[in-house]
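The values are calculated or read from the model by the stated rules, or taken from the named source; none is laboratory data. Everything numeric in this text was worked out from a predicted model, so none of it was measured. Glycine also receives a Cβ, built like all others from the backbone with ideal geometry; neighbour counts cover every protein chain displayed. Surface accessibility is based on the protein's heavy atoms, side chains included, excluding ligands, DNA and RNA. Shrake-Rupley method; radii C 1.70, N 1.55, O 1.52, S 1.80 Å.
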Amino acid sequence: KGEAEHRQQQLVEVKGVAEIQNVRLREQNRLAHEFISHVSHEFRTPLTVIREYATTMKEELVGDVTPEQYKYLETIISRVDDLIVMVNDVVDISSLEANILVAMRRVCGVDEVLSGPRDVLERKAATSGVKLVVQVDPGLSAVFCDPAKAGRVLVNLGMNAIKFSESGQAVEVWCRRGSHPAEVMVGITDHGPGVPPEHLERIFRCFEQLDTTTRSSTKGFGLGLTIVRELVQLNFGRIDVQSAV
């Protein structure tokens with residue numbers, strides 16, 4: 001009986017220590033999330049200002065711009081877009097881990113989902129010398145989704161496709177009818193180096209990046225495709241990837 005009581009006392013002590021550690025971990029997680037939210041806000045503000053001033057100059061609202069200056073301003077805007085995507089990725093992955101990322105789904109047209117991403121991807125493609133082709137089948141059904149988060153999926157996929165494309169290649173954004181009349185398929189096709197079959201699952205892992213040489217100076221954090229999969233699932237959609245090396 002004495003041995004049993006001793007073991008029981010040890011279990012109680014271990015449980016107490018574990019509970020204290022859990023409280024500390026929850027507090028550390030809360031502080032980390034607050035820190036990320038604060039830092040992301042501090043990043044967004046100057047990035048937005050830089051982008052607005054560069055856009056104002058590029059559109060010659062404050063004076064004439066030479067072709068060379070126009071090219072430089074396009075590059076500035078494109079790089080700011082890269083940083084904004086990275087900041088959004090960090091915020092989203094933090095929200096996913098904290099289980100506070102939600103979707104505001106509603107009925108909307110495919111054109112609404114495409115409008116925001118199309119502008120961002122056209123600028124990125126132009127800066128990279130890549131041709132962006134958008135193909136939308138006529139008469140597609142309306143979709144029930146969060147258009148902003150569906151747009152984030154297309155931005156992340158499109159930026160990734162452009163990053164791995166050579167100058168002169170094309171990246172296609174397409175919307176087609178699915179096998180079911182009410183199903184809409186939205187996808188990105190590029191002609192980059194491709195991904196080996198054994199690595200197709202790896203590309204969706206958090207902070208995972210394949211050892212592939214790209215001509216882009218923007219490597220990112222390896223979060224883009226992880227967030228893509230999570231946002232697709234949040235919208236009750238499905239994601240599939242096909243690739244040939």
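Protein chains only, probe 1.4 Å: how do Leu25, Leu73 rank by accessible area, largest first?
Details: Leu25 105, Leu73 15 Å².
Ranking Leu25, Leu73 by accessible area, largest first, yields Leu25, Leu73.
Per-residue Karplus couplings for the stretch 69-75, computed as 6.51 cos²θ - 1.76 cosθ + 1.60 with θ equal to phi - 60°, are listed in order as 5, 4, 5, 4, 5, 4, 5 Hz, Gly and Pro entered as x. Each residue was assigned an accessible area with a 1.4 Å probe, and for Glu122 the value is about 80 Å². For Val184, nonlocal amide neighbours, meaning residues 5 or more places apart or on other chains whose placed amide H falls under 5 Å from its own, are Gly178. Phi angles across the stretch 171-180 convert, under the Karplus curve 6.51 cos²θ - 1.76 cosθ + 1.60 with θ = phi - 60°, into 3J(HN,Hα) values of 10, 9, 10, 10, 10, 9, 6, x, 5, 9 Hz, Gly and Pro given as x.
How do Phe236, Phe144 rank by accessible surface area computed with a 1.4 Å probe, from largest to smallest? All intermediate terms of the calculation are to be shown ahead of the outcome.
Details: Phe236 160, Phe144 125 Å².
Heavy-atom accessible area, descending, gives Phe236, Phe144.
Taking the C-alpha atoms only, the angle from helix 2-58 to the longest principal axis of the chain is near 20 degrees. Phi angles of the stretch 152-169 translate, via the Karplus equation with coefficients 6.51, -1.76, 1.60 and θ = phi - 60°, into HN-Hα couplings of 4, 4, 5, 4, 5, 5, x, 4, 5, 5, 5, 4, 9, 9, 7, 4, x, 7 Hz per residue; Gly and Pro are given as x. Total lysine pairs in the chain at Cα distances under 17 Å, for residues eight or more apart or on different chains: 8. Within the full protein context, the accessible area of Ile100 is estimated at about 90 Å² for a probe radius of 1.4 Å. Its Cα centre serving as origin, the stretch 1-158 has a Cβ charge dipole (Lys and Arg +1, Asp and Glu -1) of approximately 400 debye.
Could you tell me which of rounded, prolate or oblate describes the chain, using a ≥ b ≥ c as the square roots of the eigenvalues of the alpha-carbon gyration tensor, with rounded for a/c under 1.5 and, failing that, prolate when a/b is larger than b/c and oblate otherwise? Don't skip to the answer; put the middle values down first.
On the way: a/c = 2.16, a/b = 1.67, b/c = 1.30.
The shape class here is prolate.
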